[in-house]
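Structure record follows, encoded as structure tokens.
The values are calculated or read from the model by the stated rules, or taken from the named source; none is laboratory data. Bear in mind that the values here come from a model prediction, so they are computed numbers and not experimental data. Here the Cβ is made from the backbone with ideal geometry for all residues, glycine too, and neighbour counts use every protein chain on show.
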């Protein structure tokens, strides 16, 4: 598979005392949906700026499409920032038109691409309206249209669903999948673990300026999890079952709720838990190894802390 982005041993700091990126190495393959995860302060925004050439690293190598950053590679990459990059005195059509011109589009091709981008995000009928009249979800979709108007080979999406309603979120996620199916490589930065698990083929987890792991989503989950989770709701507070709980790895104990770590696919342990708690168990849920478990194991943090 062709590598569309390769960053090797990237070192970056705003001052010499505290590096933000520490010898970070990351690669993204052609036509992947690559989910980039990390807690607040991990360095994701700085990494994005370095990837786009907005900040220059002190050391390391950065290539797009096997070339160092240049005017040609810049035109092949789109970026949708978390902060809305919209001009509220212009109509939706004029906003996308403006960004198309920034990327060097002209004439009939410009008009064609503006229409494609607005139709793709479902805003063609609202093209004459100004974004100040739009809902949060519509603004997010217009933001995406501005980022894809030049038909980039790669699009970087930074928190594109933050603050939107569930219906708009689903529409945005479906559009991202469709964009990828049309041949666009997607780098997806999100605080929503469930979104990454839903749409991403590959994932990278970073913290404290370093990439802790990367690879195919299923492979990462398989490699970095050795247990499943059993969620129990008990008749009484968990402290009343201290004796039974001594035999298990307790991950969470909160009132009547308990989470236990158990070996993956261990039928005997599951049967033992059921038998141990019996009728004191109001509910029993088996949670298969997932990305959230990987994230917590590697960072010892919750994603949205």
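Miscellaneous remarks
- The range 156-167, subset touching a strand residue (DSSP E or B) at 6+ places or on another chain (Cβ under 8 Å) and in a loop (DSSP other than H, G, I, E, B), residue nearest to residue 46 (Cα to Cα): 159
- Only residues that are buried (at least 16 other Cβ atoms within 10 Å of the Cβ) and within 16 Å of residue 261 (Cβ to Cβ) were counted in the range 226-240, giving 6.
- Where helices (runs of 4 or more DSSP H) fall entirely within the range 70-155, those with at least 3 residues that are at pLDDT 95 or above, surrounded by 15 or more Cβ atoms within 10 Å (Cβ to Cβ) and out of contact with any strand residue (DSSP E or B) (no Cβ under 6 Å at 6 or more places or on another chain) are at 92-102, 107-120, 136-148.
- Residue satisfying condition, being in contact with a helix residue (DSSP H, G or I) (Cβ under 8 Å, 6 or more places away or on another chain) and without any contact (Cβ under 8 Å) to a residue 40 or more places away in the chain, within set 201, 190, 238: 238
- For the range 208-221, the condition holds for no residue, the condition being that it is over 23 Å from the mean Cα position of the chain (by Cα) and either closer than 29 Å to residue 64 by Cβ or assigned to a loop (DSSP other than H, G, I, E, B) (or both).
- Test: residue in the range 274-283 that is touching a helix residue (DSSP H, G or I) at 6+ places or on another chain (Cβ under 7 Å), assigned to a helix (DSSP H, G or I) and either assigned by TED's automatic domain parsing to the domain that holds residue 8 or crowded, with 17+ Cβ neighbours inside 10 Å (or both): yes
- Residue within the range 244-255 that is touching a strand residue (DSSP E or B) at 6+ places or on another chain (Cβ under 7 Å) and in contact (Cβ under 8 Å) with a residue 40 or more places away in the chain present: no
- Count of the range 207-224 residues, restricted to those that are surrounded by 20 or more Cβ atoms within 10 Å (Cβ to Cβ) and modelled with pLDDT under 95, is 0.
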